[in-house]
Amino acid sequence: MQTRLTDTFGIRLPLVCPGMSYIAVPELVAATSNAGGLGILATGPLSAEQTRAAIRRIRELTDKPFGIGCTLMMPGARENAEVALQEKVPVINFSLGKGDWIVKRAREYGGKVIATVVTEKHAISAEKAGVDALLVTGHEAAAHGGEVTSLVLIPAIRKVCSLPIIAAGGFGTGSGLVAALALGADGIAMGSRLAMTQESPVHQRTKEMIRERSVGDTIYSKNFDGLWCRVMDSATARKATRKPLGLLTAAWRAMRISRKMHMPVAKVVVGGLLTQPQSLRQLAQFGAATESIRLSIEEGNHEQGVQLIGQVQGLIDDVPTVAELFTRLLDEARRCQQNLPRF
């Protein structure tokens, strides 16, 4: 199946595994790429050394194009992007920050760059920066989707931008692929669906919980990690999203995080309290959320953990291999097209 997305990135299918923390590990990334899509490594929880090792592990598992994701506002993201550039990773996907410098450096070795956006304004800026494609994240998505649903956001961004669009948020079926293409996208990213595959490292208990949930069993709140974020509805998630983090609690958590990440404690905590209290609170919330996310994914611990998930969870009821999923999805897409009324 060819679209502008497959032509731009040299892949066979317009299907993408986005960089989900603790989920988009080398094995899932390589499985996605080997099945004809584009797998994107999550680097948020990784140090620069771990990112380099993960990139080299992916190259042991596949000779197909793959990418890495960098959330630029998070500590260590710039260092991880630097490693990707040094390793000449085929595709770099950045979000929550300016990636002009990534575009410039990637161009030097023929690399491609994807910008994640949630508004028309961000899409226009990314196109001006020279990126090769946009990952457009609608309201239905896990984690940090936009305020606008994919049904409206995709055509809105297509109206102001000429780049290939990867639609994210609510996609995980063949009919969803057809719908995305009809709206003006060139492919889909389906994080929640790929999290429910055999190559995904998500704990079995968590996979069973996802199978049991409906499309309405999520919480969308700004109180979990400091940004508007969608998580699976659970008693722990309801507690975690009940109220925003206080400044003193934020300072304490930021101190623990800075030590763990080998950052100067005084600069982070004292400087943050005096000059950037909102940034300090954001750092602390990100840090606390990261551990909660890890617990749910790696340990199946939902007494302390919180699972990022999209509304599409209610459409997922099995755990195939990535290759099986892609074959089925394309068959569904063909049947969907055949069953559409003729005008």
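Contact map, the stretch 49-67: first residue touching a residue at least 40 places away in the same chain (Cβ under 8 Å) and within 23 Å of Asp132 (Cα to Cα), second residue open to solvent by less than 10 Å² (accessible area, probe 1.4 Å) and β-branched (Val, Ile, Thr), Cβ cut-off under 8 Å, separation 6 or more or different chains; pairs are Pro65/Val91; Gly67/Ile40; Gly67/Val89; Gly67/Val91; Gly67/Ile92; Gly67/Ile114.
Among the residues in the stretch 4-11, are any at pLDDT 95 or above, open to solvent by 10 Å² or more (accessible area, probe 1.4 Å) and within 25 Å of His203 (Cα to Cα)? Checking the stretch 4-11: not a single residue is at pLDDT 95 or above, open to solvent by 10 Å² or more (accessible area, probe 1.4 Å) and within 25 Å of His203 (Cα to Cα).
For the stretch 128-146, what are the residues that are charged (D, E, K, R) and out of contact with any Ser or Thr (no Cβ under 8 Å at 6 or more places or on another chain)?
Looking only at the stretch 128-146, we keep the residues that are charged (D, E, K, R), and these are 128, 132, 140.
Lys128 - this is the single residue of the stretch 128-146 that is charged (D, E, K, R) and out of contact with any Ser or Thr (no Cβ under 8 Å at 6 or more places or on another chain).
Total residues in the stretch 214-232 satisfying the condition of being assigned to a strand (DSSP E or B), open to solvent by 40 Å² or more (accessible area, probe 1.4 Å) and among the polar types (S, T, N, Q): the figure is 0.
Would you call Gly145 in a loop (DSSP other than H, G, I, E, B), open to solvent by less than 20 Å² (accessible area, probe 1.4 Å), at pLDDT below 95 and within 30 Å of Gly305 (Cβ to Cβ)? Answer is yes for this residue.
Among the residues of the stretch 205-213, are any in a loop (DSSP other than H, G, I, E, B) and either touching a Pro at 6+ places or on another chain (Cβ under 9 Å) or not aliphatic (A, V, I, L, M) (or both)? Within the stretch 205-213 (the criterion being in a loop (DSSP other than H, G, I, E, B) and either touching a Pro at 6+ places or on another chain (Cβ under 9 Å) or not aliphatic (A, V, I, L, M) (or both)), the answer is yes, since at least one residue qualifies.
What number of residues within the stretch 148-168 are open to solvent by less than 30 Å² (accessible area, probe 1.4 Å) and either in contact with a Leu (Cβ under 8 Å, 6 or more places away or on another chain) or farther than 14 Å from Ile188 by Cα (or both)? First the steps, then the outcome.
Going through the stretch 148-168, the residues open to solvent by less than 30 Å² (accessible area, probe 1.4 Å) turn out to be 150, 153-154, 156-157, 161, 163-168.
Then drop every residue that is not either in contact with a Leu (Cβ under 8 Å, 6 or more places away or on another chain) or farther than 14 Å from Ile188 by Cα (or both), which leaves 150, 154, 156-157, 161, 163-168.
Residues meeting the conditions: 11.
Residues in the stretch 140-155 that are out of contact with any strand residue (DSSP E or B) (no Cβ under 7 Å at 6 or more places or on another chain) and free of Cβ contacts under 8 Å to residues at least 40 places away in the same chain: Val148, Thr149, Leu151, Val152, Pro155. When the stretch 180-197 is filtered for residues that are touching a residue at least 12 places away in the same chain (Cβ under 8 Å) and not in a loop (DSSP other than H, G, I, E, B), the ones remaining, listed by number, are Ala180, Leu181, Leu183, Gly187, Ile188, Ala189, Gly191, Ser192, Arg193, Leu194, Ala195. How about the stretch 30-69: which of its residues are crowded, with 21+ Cβ neighbours inside 10 Å and among the hydroxyl-bearing types (Ser, Thr, Tyr)? Within the stretch 30-69, Thr32, Ser33, Thr43, Thr51 meet the criteria.
One residue stands out in the stretch 287-343 among those that are at pLDDT below 95 and basic (Lys, Arg): the one that is surrounded by the fewest Cβ atoms within 10 Å (Cβ to Cβ), namely Arg342. Would the stretch 233-240 turn up any residue that is open to solvent by 30 Å² or more (accessible area, probe 1.4 Å), outside any helix (DSSP H, G or I) and at pLDDT below 80? No, the stretch 233-240 contains no residue that is open to solvent by 30 Å² or more (accessible area, probe 1.4 Å), outside any helix (DSSP H, G or I) and at pLDDT below 80.
The values are calculated or read from the model by the stated rules, or taken from the named source; none is laboratory data. Model, not experiment: these values are computed from the prediction. Cβ: placed from backbone, ideal geometry, glycine included. Neighbour counts: every protein chain shown. For accessibility, only protein heavy atoms count, side chains too; no ligands or nucleic acids. Shrake-Rupley method; radii C 1.70, N 1.55, O 1.52, S 1.80 Å.
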